[in-house]
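Take a look at the structure set out below.
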Amino acid sequence: MKQISTQRHQLAEGPFWSQSEQALYWVDIPACQVWRWHQESNEYQHWTLPKKVSAVFTTQSDRLLVALADSVAYLDKATGELEHLCDLDTDIPGNRSNDAKCDPNGVLWLGTMDDAEESASGRLWKITPEGKKTLMLEGVGISNTLAWDESRGRFYFGDSMTRKVHVFPYPEFCDVRSQNPFFEVKEGIGADGSCIDAEACIWNANWDGSRIVRYSPEGEVLQTIELPFSKPTSCVFGGADGNTLFITSASVATSESELAEKPLSGHVVAIDLKVALGLDVTGEPSQPFAGF
């Protein structure tokens, strides 16, 4: 396991692997920061934004797309300037953006949540490159786990408040939350961010569970990776051969004694799956946003 981040983050999230840049992006939500690490040069960049930021994406130009607390905007990497694309949940001031991913067509799917984590006031939005929003779901607690398996017509979406991840039909879409979930984690653990590998297996970060769990397309647990921190937040495949799993984590709501005992809490780490686990499995790089 390799430490990638240079500092402990409060809530590192949204790891995004850029295949064209061979670089990893991530955010620290409460610190309002976007980070970039270039693998070959080992160089870092970061941008501090005026509001909380929950996700970052490359685009069809050199600009980035960022999910701010109450809006989606383009970020100019050279100047740090933001260009507004659309608003989010302005009718629910307590809400903020959370997990977000681009579907295979480069359309943004973005979940919101109550920033106080008290009410299920979150939503799931679909946002086009033109900034047109479509409301897909309401009554979401803490939106997490967005992943697509086109071969099976599946879209995975989870709610950490209910501890459940469901399989929704894709590209046709309907609310299936009243049905049995694809998987459900036990009490005291949150089903946080996920990614999908080339074998259509889901890798899920277990918040307060100190592990990443790999599920088959049938929902069977295939592998469990124990981690040196309690709060993994998400994961993504990357690296030159796609065999590296990058994992983000949080240090919020963690005691000083635990931080001393688990110094990688709040850091971003990388695991070479072949070397560490003997797993010859790869994953797709992150999907950029289709806008410019």
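In terms of its alpha-carbon gyration tensor, the range 7-77 comes out oblate; a/c meets the 1.5 threshold, while b/c is at least as large as a/b.
Just to confirm my numbers, what's the Cα centroid distance between the range 11-26 and the range 71-115 in Å? Going from one Cα centre to the other spans 16 Å.
In the context of the full set of protein chains, residues of the range 232-273 present 30 Å² of accessible surface per residue (probe radius 1.4 Å, heavy atoms only).
Per residue, the range 118-183 exposes 46 Å² of solvent-accessible protein surface, assessed with a 1.4 angstrom probe and all protein chains in place. Of the accessible area of the chain, computed with a 1.4 Å probe over protein heavy atoms only, carbon and sulfur atoms account for 46 percent.
Computed 3J(HN,Hα) for the range 192-205, one whole-Hz value per residue from the Karplus formula 6.51 cos²θ - 1.76 cosθ + 1.60 where θ = phi - 60°, is 8, x, 9, 9, 10, 9, 5, 9, 6, 8, 9, 10, 10, 7, glycine and proline marked x.
Here the range 123-194 and the range 241-272 have alpha carbon centers that stand 25 Å from each other.
Bridgeable aspartates and glutamates around residue 133 (alpha carbons under 14 Å apart, same-chain partners fewer than 8 residues away excluded): 70, 87, 89. Using C-alpha pairs below 8 Å separated by at least 6 residues, the relative contact order for the range 2-277 is 15 percent. When the trypsin sites (Lys or Arg not before Pro) in the range 148-221 are filtered for DSSP coil states and for at most 16 other beta-carbon atoms within 10 Å of their beta-carbon, the remaining sites are 177, 186. Near the amide H of residue 121, within less than 5 Å, lie the amide hydrogens of 114, all on another chain or at least 5 residues away, with H placed in the peptide plane. Answer rounded, prolate or oblate for the range 108-199, using the Cα gyration tensor with square roots of eigenvalues a ≥ b ≥ c: rounded when a/c is under 1.5, else prolate when a/b is larger than b/c, else oblate. In terms of gyration-tensor shape, oblate. Converting phi to 3J(HN,Hα) with the Karplus coefficients 6.51, -1.76 and 1.60 and the offset θ = phi - 60°, the range 175-183 yields 7, 10, 5, 7, 8, 4, x, 5, 8 Hz in sequence order, with x at every glycine or proline.
To the nearest 10, the accessible area of residue 79 is 90 Å² with a 1.4 Å probe.
Computed over protein heavy atoms with a 1.4 Å probe, the accessible surface of the range 1-107 works out to 41 Å² per residue.
Place a label point 7 angstrom from the Cα of residue 199 along the Cα-to-Cβ direction, then list the residues of the range 125-162 whose backbone nitrogen is under 20 Å away. Of the residues in the range 125-162, 147-154, 156 have backbone N under 20 Å from the label point off residue 199. List the residues, sorted by chain then number, that are 5 or more residues from residue 85 or on another chain and whose placed amide H is less than 5 Å from its amide H. Placed amide hydrogens put 72, 73, 74 under 5 Å from residue 85. The string of couplings for the range 245-250 from the Karplus curve (6.51, -1.76, 1.60, θ = phi - 60°) is 9, 8, 10, 9, 8, 10 Hz, one whole number per residue in order, with x for Gly and Pro.
Under 5 Å between amide hydrogens, built in the peptide plane, is the criterion, and for residue 287 it picks out 102 among residues at least 5 positions away or on other chains.
Straight-line reach from residue 132: which lysines fall under 28 Å, measuring Cα to Cα and dropping same-chain residues less than 8 apart? Within the straight-line cut-off, residue 132 pairs with 51, 52, 77, 101. Which of rounded, prolate, oblate describes the chain, given a ≥ b ≥ c as roots of the alpha-carbon gyration tensor eigenvalues and a/c under 1.5 marking rounded, otherwise prolate only if a/b is larger than b/c? Rounded, since a/c falls under 1.5. When the helices in the chain are scored as -39500 (n - 2.57) per DSSP H run of 4 or longer and the sum is shared across all residues, what 222 nm value do you end up with, to the nearest 500 deg cm²/dmol? After summing the helix terms and dividing by residue count, I get -1000 deg cm²/dmol. Compared with the direct C-alpha span, the chain from residue 126 to residue 84 gains 13.5 nm at full extension, assuming 0.36 nm per residue. Spacing of the modelled spin labels on residue 176 and residue 45, each 7 Å from Cα toward Cβ, amounts to 3.9 nm.
The values are calculated or read from the model by the stated rules, or taken from the named source; none is laboratory data. Since the model is a prediction, treat every value here as computed from it, not as a measurement. Note that each Cβ is placed from the backbone with ideal geometry, even for glycine, and that neighbours are counted across all protein chains shown. For accessibility, only protein heavy atoms count, side chains too; no ligands or nucleic acids. Shrake-Rupley method; radii C 1.70, N 1.55, O 1.52, S 1.80 Å.
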